[in-house]
Amino acid sequence: MSDKKEGKNPKIIHGNVWDTLYSLNVCRFGEGQLGAVNGMSPSGEVDFSHIQSDEMWIGTSYALASFFVRRGEVKKGFGTAKGCYEAVYNRMSLQYQTPEALYEKRHYRAIGYMGPLSIWAIFTALRQIGYLSGAEVTS
């Protein structure tokens, strides 16, 4: 209600939050090649003030990627997801031992974590916005 009184458009404010999250937490973390870090200061520096703020959670990053895809921001979605994939499969060679969390300096925590199954949310979002018709899915 207070937004209407002050003449602010909630949709514009909401959109700016996601743009800021992408530009800071995704693009400025690990040179944009690691997914979304949990904590980032407004100045673009990784937040080290809390125990897990400097971590990138793969499941959360894939969920964020699916959110961007569902909003029609496919490039941002795949930009976020690509960082997870590149770090886990190509740079760290963990393949099917996907960790729960990655750090910017090639360290990780808790391999074999199931949260990254949220990658399937990207598939669902692509189908919802019409990028996949279902014919591409084979059993």
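Sort out which residues of the range 56-100 are hydroxyl-bearing (Ser, Thr, Tyr) and touching a helix residue (DSSP H, G or I) at 6+ places or on another chain (Cβ under 6 Å), and write them in order of number. Quick ask: steps written out before the conclusion?
Looking only at the range 56-100, we keep the residues that are hydroxyl-bearing (Ser, Thr, Tyr), and these are 60-62, 66, 80, 85, 89, 93, 96, 98.
Those that are hydroxyl-bearing (Ser, Thr, Tyr) and touching a helix residue (DSSP H, G or I) at 6+ places or on another chain (Cβ under 6 Å): Ser61, Tyr62, Ser66, Thr80, Thr98.
Please go through the range 44-95 and pick out each residue that is part of a loop (DSSP other than H, G, I, E, B), surrounded by 17 or more Cβ atoms within 10 Å (Cβ to Cβ) and of a type in the set (D, E, K, R).
Asp54, Glu55, Glu73
Coordinate-derived values only; no laboratory data. It should be emphasised that the depicted structure is a prediction, and the values quoted were computed from it without experimental measurement. FYI the Cβ positions are ideal-geometry reconstructions off the backbone, even for glycines, and counts take in every protein chain you see.
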